[in-house]
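Trainee: I am attaching a structure below and will ask some questions about it afterwards.
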Ligand code: MSP
């Protein structure tokens, strides 16, 4: 277990725009954050997991206008009907949920910008240039692509494939250019701060071209947080949104208050999980803002890839978004969590297909782990009246499985901590395959035919249940519902204690399930798809 001292492991997801309902691209980030934070908790660490929603800006304002309601009514309805429920749908165990319309946020945003202005990094100037409402971003000339077809002759945003809008207004600017050298020096000294390496390289090449100052306010937008020194302008939506990571944990609060103490316990953030499209905001603008205010910068920004549809980023704008419930109603939240972190290398793009998901569900979950669990619990019931038998002398086959559990635990831990989810998951899967092979080779159903083999039969059944004990803890952060069920079928909740209290560092200590533990054959962990709802 890593020594954390008084600092909690603090992880954030981006806060999602509430112009519409969530799709699986959003659920993907939240799921990854949830698996990692649950893993960290399972290491015995103090953890804080924040997610939330980004409610201001032109994009949300226009969606509300089109819906014929005020922006506040629009976001209140979508947050209540869609964004809070989706956390339950994917089974996220977040510690907090921030909304940028929360009073706790707005007041701290104003305070922050006062500090940056007092420090000399804010000045008034006119802005004229292209703006993408989809990205809510002032675009640089090199960011745009030439349109064709219906957009012939126009400049398009490469992420949204839509023409940008020309904006001309009097704004307040943030002196971003003052931080280029400081950021380069920081990232050269701490390359692990931006991951994966492709993201690091992208940020460094952007920084080396030099930075230009950027508008930090909007005068033509009203849906936002007013600047404390110029109430006719609101804070530019990204410079309001990024601050959620600090305001939610108590930036600006009295240090002796509960919230102020939370800031001391959590800051700086350990991991900001982001999609690759919003890397520049998190690895350039955000740390520059913090430097300007004299606050420590985050320890890591990890940029994951996109879920693609037809080779393009799944998006609401292109009407390609799949609702998480469309998949979860069919496969369950555990299989959803498993599939996206197992099948796509975190950091790279990936495509979702029903065929691939069904195939993996059947092979790896129903036939692999599910079948192992149901065979084990059924045999303890059939041959030992539902009581875990004691192991006799261990042969090399049992010692092999015992030692492999220790090796797999270390491999999985190293991979999960490095956000290499698929390697961590595959390490455990390899172990499940080995245990399934052991069952086939030892053939307990053959041993059971002759009483003379009783000791051997008991050793084999005990070994399978011990292996499953280890597997349940290792997979609990990934598939909490199924592993709670397996843990209780093994009788481990009564014999050992709640699964949530089991430490990764204890997984490999063999022989934790005492002989005589009541093993029950419960519901199938991963019902065959024909039988599933
Ligand atoms: N509101 C901003 C983030 C502010 S954070 C201070 C935003 N919101 S978003 O709703 O457009 O996107 C939120 C996250 O979802 C981003 O990390 C984005 O990359 C991710 N995804 C949106 N579509 C996605 C896919 N198709 N695939 C994977 N992730 C996707 O940007």
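The values are calculated or read from the model by the stated rules, or taken from the named source; none is laboratory data. All values derive from a computational prediction rather than experimental measurement. Here the Cβ positions follow ideal geometry from the backbone for every residue, glycine too, while neighbour counts run over all protein chains shown.
Trainee: Taking into account only those residues within region 59-81 that are within 12 Å of the ligand (Cβ to nearest atom) and out of contact with any helix residue (DSSP H, G or I) (no Cβ under 7 Å at 6 or more places or on another chain), which is modelled with the lowest pLDDT?
Mentor: So, considering only residues that are within 12 Å of the ligand (Cβ to nearest atom) and out of contact with any helix residue (DSSP H, G or I) (no Cβ under 7 Å at 6 or more places or on another chain), the one modelled with the lowest pLDDT is 59.
Trainee: Also, quick follow-up: Just to be sure, is residue 44 touching a residue at least 24 places away in the same chain (Cβ under 8 Å) and within 14 Å of the ligand (Cβ to nearest atom)?
Mentor: no
Trainee: Here is a further query. Only residues that are crowded, with 19+ Cβ neighbours inside 10 Å and within 10 Å of the ligand (Cβ to nearest atom): list them for region 317-327, please.
Mentor: 321
Trainee: Output the number of the condition that residue 39 fails; it satisfies all remaining conditions of (1) within 21 Å of residue 483 (Cα to Cα); (2) within 16 Å of the ligand (Cβ to nearest atom); (3) out of contact with any strand residue (DSSP E or B) (no Cβ under 9 Å at 6 or more places or on another chain).
Mentor: Residue 39 satisfies all of (1) within 21 Å of residue 483 (Cα to Cα); (2) within 16 Å of the ligand (Cβ to nearest atom); (3) out of contact with any strand residue (DSSP E or B) (no Cβ under 9 Å at 6 or more places or on another chain) except (2).
Trainee: Taking helices (runs of 4 or more DSSP H) that fall entirely within region 1-109, which contain at least 1 residues that are surrounded by fewer than 23 Cβ atoms within 10 Å (Cβ to Cβ) and within 23 Å of the chain's Cα centre (by Cα)?
Mentor: Output list reads 24-42, 84-89.
Trainee: Picking from 376, 359, which residue would you name as being under 30 Å from residue 496 (Cβ atoms) and either in contact with a strand residue (DSSP E or B) (Cβ under 6 Å, 6 or more places away or on another chain) or away from the ligand (no atom under 16 Å from the Cβ) (or both)?
Mentor: Only one candidate qualifies: 376.
Trainee: List pairs: first in region 304-319 and over 24 Å from residue 422 (Cβ atoms), second in a strand (DSSP E or B) and more than 7 Å from the ligand (Cβ to nearest atom), Cβ under 7 Å, 6+ apart or cross-chain?
Mentor: 318/312
Trainee: Just to be sure, is residue 457 modelled with pLDDT of 95 or more, more than 27 Å from residue 332 (Cβ to Cβ) and crowded, with 20+ Cβ neighbours inside 10 Å? Quick ask: steps written out before the conclusion?
Mentor: Details: modelled with pLDDT of 95 or more: yes; more than 27 Å from residue 332 (Cβ to Cβ): yes; crowded, with 20+ Cβ neighbours inside 10 Å: yes.
For residue 457, the condition - modelled with pLDDT of 95 or more, more than 27 Å from residue 332 (Cβ to Cβ) and crowded, with 20+ Cβ neighbours inside 10 Å - is met.
Trainee: Mind checking which residues of region 294-304 are crowded, with 19+ Cβ neighbours inside 10 Å and outside any strand (DSSP E or B)?
Mentor: Result: 297, 298.
Trainee: Ok, one more. Being assigned to a loop (DSSP other than H, G, I, E, B) and in contact with a strand residue (DSSP E or B) (Cβ under 6 Å, 6 or more places away or on another chain) is the filter here; which residues of region 232-244 pass it?
Mentor: Of everything in region 232-244, just one residue is assigned to a loop (DSSP other than H, G, I, E, B) and in contact with a strand residue (DSSP E or B) (Cβ under 6 Å, 6 or more places away or on another chain), namely 236.
Trainee: I've got another one for you. Which residues, taken from region 245-277, are within 16 Å of the ligand (Cβ to nearest atom), part of a helix (DSSP H, G or I) and touching a helix residue (DSSP H, G or I) at 6+ places or on another chain (Cβ under 9 Å)?
Mentor: Passing the criteria: 245, 246, 247, 276.
Trainee: Please go through region 287-304 and pick out each residue that is touching a strand residue (DSSP E or B) at 6+ places or on another chain (Cβ under 9 Å), more than 8 Å from the ligand (Cβ to nearest atom) and closer than 19 Å to residue 196 by Cα.
Mentor: 287, 298, 299, 300, 301, 302, 303
Trainee: In addition: Can you find, within region 305-316, the residue that is modelled with the lowest pLDDT among those that are crowded, with 16+ Cβ neighbours inside 10 Å and either within 6 Å of the ligand (Cβ to nearest atom) or part of a loop (DSSP other than H, G, I, E, B) (or both)?
Mentor: 316
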